[in-house]
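A.B. asks: Below you'll find the structure I mean.
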Amino acid sequence: HTLKIGLIPADGIGHEVIPAARSAIEALGSDVPKLQFVDLLAGFELFARSGTALPEETVEALRECDCALFGAVSSPSRKVSGYSSPIVALRKKLDLYANIRPVLAVAPTPEERPSVDLVVVRENTECLYVKEETIIPTENGREARAIRLITERASRRIGKMAFEIALQRPRKQVTIIHKANVLSVTDGLFRESVRSVPRLAEDGRYDSVKVEEQIVDSAVYRLFREPQIYDVMVAPNLYGDILSDAAAALVGSLGLVPSINAGDSFVMGEPVHGSAPDIAGKGIANPLAAIRSAALMLKYLGYTTGASRIDKAVDEVIRDGRVLTPDLGGKSKTQEVTEEVLKRI
Ligand code: NAI
Ligand code: MG
């Protein structure tokens, strides 16, 4: 069996960190099957050159892969005619309905428990991100509206994903994030659907999981004051997006936080950071988030030994503190940090 991995660096520092992630997987030797990497195109730079941000060949090639690694895309904040974000499109086309983001502080010693150790599980396909926006002129100026879609099916399946992840963790706790006190219909359905997951599991599979809930605004407040109260947080798309970036701030740098986009038959690793145009091309991007995303992807596929070897190596490099990129106060280059990780793998 060959493990076929699609590589989509896309834009900016994606070109610098995805090769690092690839080399970490290659360093695993016999802990992974024979590897085949497939280089694929997407991104805003590609759009600027060719008029398409996500070529159909890329999507087709991905369907032949077992998994993929995505770098980052430089999506502009203004509307650009003909452009829409390839990462958002990929999540839809490959039905990667869960965005899973573990946020873990590295403890001072391997024995000590980290102060922040949580996972944000974000619904990845609906909510306001269905992008059904309209704008109309009125007597008092323009009026813009957006559809916020919440379905029972998508809420249940993201709920199930959250419960499955909780089962694998020592604390086994799921916190449902919502604003059902104000949005009682949409967020009410989300909350109720997630709550129905343990009830509907016929074999009592989730009986050991503790279920809590928290209104989104107070969840952010408590996240900053007492992050240790959280284990698995499950949220609709927009709240999950914001919450997971906020959680990332708890561990120092965006350059450390990995994620996967997961569905029932495909998984795509993706560092949480963007294309970082301010440092792109300088060789100083932190490769650790991308490397950890590779580990997370392998873990999801069941290659747990390989995944832990990568994670352990990354933890050691951070704890050691001598070879780090400038975002973590160091002086080293992407290449040097990558080599340090490879040495320890
Ligand atoms: P960003 O994450 O690219 O950068 C924010 C800050 O963090 C910058 O100062 C950057 O230098 C730093 N940073 C990020 N990753 C780093 C790394 N690995 N090592 C060292 N420093 C790092 O977010 P920003 O600047 O808001 O967005 C830039 C572009 O990226 C935009 O076009 C945005 O649309 C896009 N973006 C794409 C994402 C994706 O592909 N999923 C996610 C977030 C932003
Ligand atoms: Mg985000």
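Rule-based calculations on the coordinates, nothing more; no lab input. This is a predicted model, so every value here is computed, not measured. Don't worry about glycine lacking a Cβ; one is built from the backbone with ideal geometry, like all the others, and counts go over all protein chains shown.
A.B. asks: Quick check on residue 206: is it more than 18 Å from residue 238 (Cβ to Cβ) and among the aromatic types (Phe, Trp, Tyr)?
C.D. replies: Yes.
A.B. asks: Residue check: is residue 100 in a strand (DSSP E or B) and closer than 30 Å to residue 59 by Cβ?
C.D. replies: yes
A.B. asks: Which one is nearest to the chain's Cα centre (by Cα), of the residues in segment 232-251 that are β-branched (Val, Ile, Thr) and surrounded by fewer than 23 Cβ atoms within 10 Å (Cβ to Cβ)?
C.D. replies: The extreme case among them is 242.
A.B. asks: Taking segment 217-257 as the search range and keeping residues that are among the aromatic types (Phe, Trp, Tyr) and without any contact (Cβ under 8 Å) to a residue 40 or more places away in the chain, which one is farthest from ligand 1 (Cβ to nearest atom)?
C.D. replies: Residue satisfying both the conditions and the ranking: 221.
Here is a yes/no grid of residues against (1) within 26 Å of residue 210 (Cα to Cα); (2) surrounded by 17 or more Cβ atoms within 10 Å (Cβ to Cβ):
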| position | (1), (2) |
| --- | --- |
| 58 | no, yes |
| 64 | no, no |
| 78 | no, no |
| 93 | no, no |
| 97 | yes, yes |
| 102 | yes, yes |
| 109 | no, no |
| 117 | yes, yes |
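A.B. asks: Please go through segment 15-37 and pick out each residue that is within 21 Å of residue 299 (Cβ to Cβ) and either among the hydrophobic types (A, V, I, L, M, F, W, C) or in contact with a Pro (Cβ under 6 Å, 6 or more places away or on another chain) (or both).
C.D. replies: If the condition is that a residue be within 21 Å of residue 299 (Cβ to Cβ) and either among the hydrophobic types (A, V, I, L, M, F, W, C) or in contact with a Pro (Cβ under 6 Å, 6 or more places away or on another chain) (or both), then 17, 18, 20, 21, 24, 25, 27, 28, 32, 35, 37 are the ones that fit.
A.B. asks: Which members of segment 45-84 meet the condition of being within 16 Å of ligand 2 (Cβ to nearest atom) and touching a residue at least 24 places away in the same chain (Cβ under 8 Å)?
C.D. replies: 70, 71, 72, 73, 74, 75, 76, listed by residue number.
A.B. asks: Are any residues in segment 294-306 assigned to a loop (DSSP other than H, G, I, E, B) and of a type in the set (A, V, I, L, M, F, W, C), and if so, which ones?
C.D. replies: Of everything in segment 294-306, just one residue is assigned to a loop (DSSP other than H, G, I, E, B) and of a type in the set (A, V, I, L, M, F, W, C), namely 301.
A.B. asks: Also, I was wondering about something else. So residue 145 passes all but one of these: (1) among the basic types (Lys, Arg); (2) surrounded by fewer than 17 Cβ atoms within 10 Å (Cβ to Cβ); (3) assigned to a helix (DSSP H, G or I). Which condition number does it fail?
C.D. replies: In the conditions (1) among the basic types (Lys, Arg); (2) surrounded by fewer than 17 Cβ atoms within 10 Å (Cβ to Cβ); (3) assigned to a helix (DSSP H, G or I), residue 145 misses (3) alone.
A.B. asks: Any chance you could count how many residues in segment 264-293 are part of a helix (DSSP H, G or I), within 16 Å of ligand 2 (Cβ to nearest atom) and not hydrophobic (A, V, I, L, M, F, W, C)?
C.D. replies: Summing the residues that are part of a helix (DSSP H, G or I), within 16 Å of ligand 2 (Cβ to nearest atom) and not hydrophobic (A, V, I, L, M, F, W, C) in segment 264-293 gives 1.
A.B. asks: Considering only segment 58-90, state which residues are outside any loop (DSSP other than H, G, I, E, B) and more than 10 Å from ligand 1 (Cβ to nearest atom).
C.D. replies: Answer for segment 58-90, where residues must be outside any loop (DSSP other than H, G, I, E, B) and more than 10 Å from ligand 1 (Cβ to nearest atom): 58, 59, 60, 61, 62, 63, 67, 68, 69, 89, 90.
A.B. asks: Now for a different question. Output the residue which, of all residues in segment 252-261 that are of a type in the set (Gly, Ala, Ser) and surrounded by fewer than 24 Cβ atoms within 10 Å (Cβ to Cβ), is farthest from ligand 2 (Cβ to nearest atom).
C.D. replies: Filtering segment 252-261 for residues that are of a type in the set (Gly, Ala, Ser) and surrounded by fewer than 24 Cβ atoms within 10 Å (Cβ to Cβ), the one farthest from ligand 2 (Cβ to nearest atom) comes out as 252.
A.B. asks: Out of all the residues in segment 280-289, is one or more of a type in the set (S, T, N, Q) and surrounded by fewer than 24 Cβ atoms within 10 Å (Cβ to Cβ)?
C.D. replies: For segment 280-289, residues of a type in the set (S, T, N, Q) and surrounded by fewer than 24 Cβ atoms within 10 Å (Cβ to Cβ): absent.
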